[in-house]
Amino acid sequence: MKIGLFIPCYVDQFYPKVGIATYELLQKLGCEVEFPMGQTCCGQPMANSGYAHLTKGCDANFIANFSGYDYIVCPSGSCVLHVKDHLHDEKQEEKATAIRNTVYELTEFITDVLKIDHIDGSFPFKVGMHVSCHGQRGLKLSQMSELNAPFFSKPEQLLHSIKGLDLVSLTRKDECCGFGGTFCVTEEAVSVKMGQDRIKDHESHDVDYITGGDMSCLMHLDGILKRQKSRIKTIHIAEILNSLEN
């Protein structure tokens, strides 16, 4: 199984260890993984700001880099959802369609494609799971709390299998953290207040770490935690799952 590793811009620039953890984890799980060196931004920031018509260059470059792989895997629900919903190219629409149908968020790929529900890793800490909006509501990685429906969570399913990890049940487990891409720039005060509210929920459960599937949300929360001089740290779920012994 040949995998193209899709790494978001902010992970590549600010949190490369998340990309490395994703690469190592997929290899440990038996995948042949390649990182296309020509990949750049998928175009999500422009599309979210109302400039989707300017992403044609991003779309063409994405197709050039990721065509031909069995699957494309990314440690970010928001970037994956953007590609699934918006990747088009009138000159090579067949390739664009193939990519839209084979791009997966990391935990979704592990549970749905590899059919793995248990990771034999170790992380002896108390952890709060931040549920990102795009992953939950767009990719259906977990059940929305406002629905009268059976609970499920693909990321939590994997975390529950990690030795020593105490996963807490938050009071408002799928509330937005306020990052929202460019929203945190255009509506800074609202964004920060939403992030502070999310952190209070984790603090009330005395967690050591906040984890999640989107480093963008964790970056937002981490900035607030550091300004508050909190002892709580953030860590991407790929870094926890990569505690799997080879």
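The values are calculated or read from the model by the stated rules, or taken from the named source; none is laboratory data. Keep in mind the model is a prediction, meaning the values are calculated, not measured. No Cβ is skipped: glycine too gets one built from the backbone with ideal geometry, and neighbour counts run over all protein chains shown. The accessibility values were calculated without ligands, DNA or RNA, using every heavy atom of the protein model including side chains. Shrake-Rupley method; radii C 1.70, N 1.55, O 1.52, S 1.80 Å.
What distance in nm separates the two pseudo spin-label positions at residue 117 and residue 152, each 7 Å out from Cα along the beta-carbon direction?
1.0 nm
Which ³J(HN,Hα) values, rounded to whole Hz and listed in residue order, are derived for segment 217-229 from phi using the Karplus coefficients 6.51, -1.76 and 1.60 in 6.51 cos²θ - 1.76 cosθ + 1.60 with θ = phi - 60°, glycine and proline given as x?
Those phi angles translate into 5, 5, 4, 4, 5, 5, x, 5, 4, 5, 5, 8, 6 Hz.
Given a 1.4 angstrom probe, I'd like the percentage of the accessible area of segment 202-246 that is carbon and sulfur, rounded to a whole number.
44 percent
Rg over Rh of the chain, using C-alpha atoms and the Kirkwood radius, what does it come to?
Ratio value, two decimals: 0.95.
Please report, as a whole percent, how much of the solvent-accessible surface of segment 44-93 comes from carbon and sulfur atoms (probe radius 1.4 Å).
Values: 1230 of 2410 Å².
Ligands and nucleic acids excluded, carbon and sulfur reach 51 percent.
For a label point 7 Å from the Cα of residue 1 along Cα→C-beta, name the residues of segment 15-29 whose backbone N is under 16 Å from it.
Flagged as within label range: 22-29.
On full extension of the chain, what length is gained from residue 227 through residue 34, given 0.36 nm per residue of separation minus the C-alpha to C-alpha distance?
Length gained between residue 227 and residue 34: 65.7 nm.
How would you classify segment 55-190 from its alpha-carbon gyration tensor, with a ≥ b ≥ c the square roots of the eigenvalues: rounded for a/c under 1.5, else prolate if a/b is greater than b/c, otherwise oblate?
Verdict is oblate for segment 55-190.
Rolling a 1.4 Å sphere over the protein heavy atoms, what is the accessible area per residue of the chain, to the nearest Å²?
Values: 11700 Å² over 246 residues.
Result: 48 Å² of accessible area for each residue.
Find how many whole Å separate the alpha carbon centroid of segment 127-180 from the alpha carbon centroid of segment 231-246.
Here the two parts' Cα centres lie 16 Å apart.
Which sequence of 90, 188 reflects their accessible areas, 1.4 Å probe, from the largest down?
Greatest to least solvent exposure: 90, 188.
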